[in-house]
Amino acid sequence: MSTSARLEDNVGFACTDLQCRQGRGSAVAMRWLGSDGQRSEYTFAQLADESSRFAAVLAGLGVAPGARVFVMLPKLPEVYVAFLGCLKARAVVGPLFANFGDDALLDRLGDARACVLLTKHSLLKKVHRIRDRLPDLRHILLVDVDDHLAADILSYRRLMREASADFVVAPTAPETPSLLHYTSGSTGKPKGVLHVHGALPTIVATTRDVLQVGPGDVFWCTADPGWVTGTSYGIIGPWAVGATQVHYGGSFDAGAWMAILEQEQVNVWYTAPTALRMLMREEASLYAGRRLETLRCAASVGEPLNPEVTFWARRTLGKEIHDTWFQTETGAIMIANRPGLAVRPGSMGQAVDGIEAVILDSAGQPLPAGQQGRLCLRRGWPSMFAEHLNRPGVYASRFHGDYYDSGDMAVRDADGYFWFVGRTDDVINTSGHLVGPFEIESVLLELPEVAEAAAVSAPDPIRFEKVVAFVCLRSGQSPSRELESRIRLHVANRVSSIASPQDVVFVASLPRNRSGKIMRRVLRARFLGQDEGDLSSMEAWHPGEIDDQRERV
Ligand code: ATP
Ligand code: MG
């Protein structure tokens with residue numbers, strides 16, 4: 001163990017016992033809102049007690065520091081307890097979306113050599129089907145059975161009842177592995193992004209400075225813990241600063257979400273553009289008379305925030321949405337709109353304190369303000385990922401010298417604001433110009449008929465690549481030649497004739513991954529009739545008739 005190991009650097013301890021030591025034991029840490037209307041509260045003392053019990057359960061099962069424990073559950077209070085308990089025991093916790101299929105699960109548990117899986121009874125079938133290919137998986141814990149089912153299929157409740165809450169957390173060196181998130185990548189197998197306990201200071205600083213969350217605040221992060229936002233800011237940051245977190249077990253529902261903001265008197269709300277675009281589709285009556293005075297800060301992450309959404313939120317909610325940018329690999333917010341910084345609609349904001357963000361060309365040379373290139377970060381910030389599990393070559397390939405390459409394209413303006421262009425793989429190279437999908441999609445949202453849009457590239461003999469726009473219409477609207485023409489003209493007028501889509505495809509919905517992001521590569525592959533690559537992180541998708549429409553256009 002490193003000589004610098006300290007107790008308060010253990011993330012599980014910092015989020016619970018440390019809060020109790022600072023006098024917040026009886027303060028509410030979590031307000032749990034079940035999908036069935038059930039509501040319960042957990043104090044910091046309860047969270048400290050239960051997470052210690054879970055750490056003791058793991059120790060009792062022989063889980064050594066560094067061993068991998070996975071949690072595959074929908075949002076439930078147990079997810080948060082187990083997550084913190086794993087960290088207290090210095091096991092590496094891997095949160096998984098509950099609806100992963102067999103292969104997705106096998107890839108992740110196998111790659112990480114998981115020794116324990118926490119799940120629920122109805123998901124056991126899935127685990128049984130792949131169990132014989134997981135020789136390292138020693139114990140399956142079920143949250144919803146009262147007694148053990150077999151020597152290796154155990155009841156979480158019974159284990160927790162029998163465990164001691166006197167687990168002693170060991171001083172934890174910053175380089176101790178903490179958390180493993182799998183990112184699906186555009187094609188190959190999912191890659192494990194490993195984080196360390198030493199990420200805590202960056203997560204805490206951004207929670208305070210960007211999200212403006214402090215002790216006693218009511219904070220609501222809508223992300224699932226299967227995604228980095230749901231762990232860095234749906235678990236760690238807010239509890240490490242002593243805030244009360246609202247956790248809602250239901251899925252997206254515009255009415256329920258607005259009621260939560262209002263009734264729970266949320267002070268800070270962290271959500272995603274997809275959710276905001278869905279709220280934007282609702283009738284104005286949903287928002288009339290809403291009392292949102294307590295909501296001090298609203299922030300967004302995960303996808304580009306279209307200016308149209310910013311304008312809608314100002315008009316309808318009377319709130320400014322603060323866009324923030326980060327990714328699984330960065331562990332914490334790197335670029336953001338912060339208090340005191342005027343929001344420029346369409347911009348992600350500026351680099352946060354202590355982070356040097358630059359735009360480099362493909363040879364790794366810095367580009368001046370105004371030129372688009374690769375968004376890179378000077379390596380070495382505390383929450384930077386430690387490795388791609390089992391793939392040192394992939395890890396090394398993400399760095400140009402001292403700079404980590406995010407894989408996103410962006411522009412920095414003369415004032416230091418960053419403007420997202422697109423993922424490097426999604427940028428469209430047409431008629432000698434690099435066109436970002438975000439710009440096209442944002443102007444498409446300006447049309448009253450359009451609910452959502454995605455722009456992708458397709459090969460073109462003359463232009464090298466052409467722009468294909470996938471468009472979802474608002475309810476009551478139907479596709480027409482006239483609308484197609486207007487779509488093309490609008491992009492030509494607002495962006496440029498080069499960016500104007502050659503093909504417009506109307507679809508009932510867009511493919512999304514489980515964190516709600518539009519999967520442009522799937523649209524591109526489907527349009528071209530090509531292999532769609534790894535789909536383990538994709539939600540079920542019902543596009544309508546892409547092929548027929550391609551013929552028609
Ligand atoms: P994979 O790496 O497997 O393809 P992913 O990149 O979608 O998965 P995350 O790490 O959760 O997984 O997402 C980070 C990415 O999301 C960023 O690299 C960027 O492309 C996008 N993103 C996040 N925040 C923003 C934002 N504010 N504006 C634009 N894009 C954003
Ligand atoms: Mg990524």
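Select from segment 224-249 the residues that are assigned to a helix (DSSP H, G or I) and under 8 Å from the mean Cα position of the chain (by Cα) and list them in ascending order.
Hits for segment 224-249 are VAL228, THR229, GLY230.
Within segment 112-126, count every residue that is in contact (Cβ under 8 Å) with a residue 24 or more places away in the chain and assigned to a helix (DSSP H, G or I).
5
Looking at segment 288-311, is at least one residue of a type in the set (Val, Ile, Thr), in contact with a Leu (Cβ under 7 Å, 6 or more places away or on another chain) and open to solvent by 10 Å² or more (accessible area, probe 1.4 Å)?
no
Scan (1) touching a helix residue (DSSP H, G or I) at 6+ places or on another chain (Cβ under 8 Å); (2) part of a helix (DSSP H, G or I); (3) within 13 Å of ligand 1 (Cβ to nearest atom) for the single condition GLU329 breaks and write down its number.
GLU329 satisfies every listed condition except (1).
Could you tell me which numbered condition ALA199 fails, if it satisfies all but one of (1) within 30 Å of LYS517 (Cα to Cα); (2) away from ligand 1 (no atom under 14 Å from the Cβ); (3) surrounded by fewer than 24 Cβ atoms within 10 Å (Cβ to Cβ)?
Among (1) within 30 Å of LYS517 (Cα to Cα); (2) away from ligand 1 (no atom under 14 Å from the Cβ); (3) surrounded by fewer than 24 Cβ atoms within 10 Å (Cβ to Cβ), ALA199 violates only (3).
Check GLY370, GLY364, GLY393 and return the single one that is more than 16 Å from ligand 1 (Cβ to nearest atom), open to solvent by 30 Å² or more (accessible area, probe 1.4 Å) and more than 20 Å from SER442 (Cα to Cα).
So the residue among GLY370, GLY364, GLY393 that is more than 16 Å from ligand 1 (Cβ to nearest atom), open to solvent by 30 Å² or more (accessible area, probe 1.4 Å) and more than 20 Å from SER442 (Cα to Cα) is GLY393.
Listed here are the residues, each with its yes/no results for (1) at pLDDT 95 or above; (2) open to solvent by less than 20 Å² (accessible area, probe 1.4 Å).
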residue	(1), (2)
LYS189	no, no
HIS195	yes, yes
ILE203	yes, yes
THR207	yes, yes
LEU211	yes, yes
GLY214	yes, yes
VAL218	yes, yes
THR222	yes, no
GLY226	no, yes
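So is GLY318 more than 19 Å from the chain's Cα centre (by Cα) and more than 15 Å from ligand 1 (Cβ to nearest atom) or not?
On the way: more than 19 Å from the chain's Cα centre (by Cα): yes; more than 15 Å from ligand 1 (Cβ to nearest atom): yes.
Taking the combined requirement at face value, the residue satisfies it.
Every residue in segment 513-541 that is touching a strand residue (DSSP E or B) at 6+ places or on another chain (Cβ under 6 Å) and basic (Lys, Arg), please.
ARG520, ARG524
Looking at GLY331, is it without any contact (Cβ under 8 Å) to a residue 24 or more places away in the chain and at positive phi?
Judged against the criteria, GLY331 is not a match.
Suppose the filter is surrounded by 24 or more Cβ atoms within 10 Å (Cβ to Cβ) and either within 23 Å of the chain's Cα centre (by Cα) or among the polar types (S, T, N, Q) (or both); does PRO74 pass it?
Considered against the rule, which asks whether it is surrounded by 24 or more Cβ atoms within 10 Å (Cβ to Cβ) and either within 23 Å of the chain's Cα centre (by Cα) or among the polar types (S, T, N, Q) (or both), PRO74 comes out as no.
Pairs please, first residue from segment 421-437 and within 14 Å of ligand 2 (Cβ to nearest atom), second anywhere and assigned to a helix (DSSP H, G or I), Cβ atoms under 8 Å, 6+ apart in sequence or on different chains.
GLY422/PRO437; GLY422/PHE438; ARG423/ARG520; ASP425/ARG521; ASP426/PRO437; ASP426/ARG520; ASP426/ARG521
Being surrounded by fewer than 20 Cβ atoms within 10 Å (Cβ to Cβ) and either more than 27 Å from GLN46 (Cα to Cα) or more than 16 Å from ligand 1 (Cβ to nearest atom) (or both) narrows it down to one residue among ALA240, ALA272, ALA256; which is it?
None of the other options fit; the residue is ALA256.
Name the residue that is farthest from ligand 1 (Cβ to nearest atom), counting only residues in segment 206-231 that are more than 18 Å from PHE44 (Cα to Cα) and out of contact with any Pro (no Cβ under 9 Å at 6 or more places or on another chain).
Result: ARG208.
Evaluate segment 350-372: report whether one residue or more is within 28 Å of MET278 (Cα to Cα) and within 16 Å of ligand 2 (Cβ to nearest atom).
The answer is no; no qualifying residue exists.
Please find, among LEU58, LEU109, LEU154, LEU47, the residue that is buried (at least 21 other Cβ atoms within 10 Å of the Cβ) and not in a helix (DSSP H, G or I).
Going through LEU58, LEU109, LEU154, LEU47 in turn, the sole match is LEU154.
Hey, can you tell me all the residues within segment 80-103 that are buried (at least 24 other Cβ atoms within 10 Å of the Cβ) and assigned to a helix (DSSP H, G or I)?
Across segment 80-103, the qualifying residues are TYR80, VAL81, ALA82, PHE83, LEU84, GLY85, CYS86, LEU87, LYS88.
Can you find, within segment 396-414, the residue that is farthest from the chain's Cα centre (by Cα) among those that are without any contact (Cβ under 8 Å) to a residue 40 or more places away in the chain and more than 16 Å from ligand 2 (Cβ to nearest atom)?
Only one residue fits best here, namely GLY401.
Which number in (1) within 19 Å of the chain's Cα centre (by Cα); (2) more than 12 Å from ligand 1 (Cβ to nearest atom); (3) not aliphatic (A, V, I, L, M) marks the one condition that ASN306 misses?
All conditions pass for ASN306, except number (2).
Quick check on THR310: is it among the β-branched types (Val, Ile, Thr), outside the structural domain of VAL471 (by TED's automatic domain parsing), under 18 Å from ASN513 (Cα atoms) and in a helix (DSSP H, G or I)?
So THR310 fails the test.
I'd like the full set of residues that are more than 24 Å from the chain's Cα centre (by Cα) and either crowded, with 16+ Cβ neighbours inside 10 Å or of a type in the set (Ser, Thr, Tyr) (or both), limited to segment 117-137.
Correct list: SER122, LEU124, LYS126, VAL127, ILE130, ARG131, LEU134, LEU137.
Find the residue count for segment 362-401, including only residues that are among the acidic types (Asp, Glu) and part of a loop (DSSP other than H, G, I, E, B). Even if it seems obvious, please write down each step before you answer.
The first filter runs over segment 362-401 and keeps only residues among the acidic types (Asp, Glu), leaving 387.
Then drop every residue that is not part of a loop (DSSP other than H, G, I, E, B), which leaves none.
The number of residues fulfilling the criteria is 0.
Please find, among GLY340, GLY318, the residue that is part of a loop (DSSP other than H, G, I, E, B), in contact (Cβ under 8 Å) with a residue 24 or more places away in the chain and more than 16 Å from ligand 2 (Cβ to nearest atom).
GLY318
The values are calculated or read from the model by the stated rules, or taken from the named source; none is laboratory data. The shown structure was predicted, so the numbers you read here are calculated from the model rather than taken from an experiment. Quick reminder, even Gly has a Cβ in these numbers, built from the backbone with ideal geometry, and neighbours come from all protein chains shown. Each accessible area value is taken on the protein alone, full model and side chains, heavy atoms only, with ligands, DNA and RNA left out. Shrake-Rupley method; radii C 1.70, N 1.55, O 1.52, S 1.80 Å.
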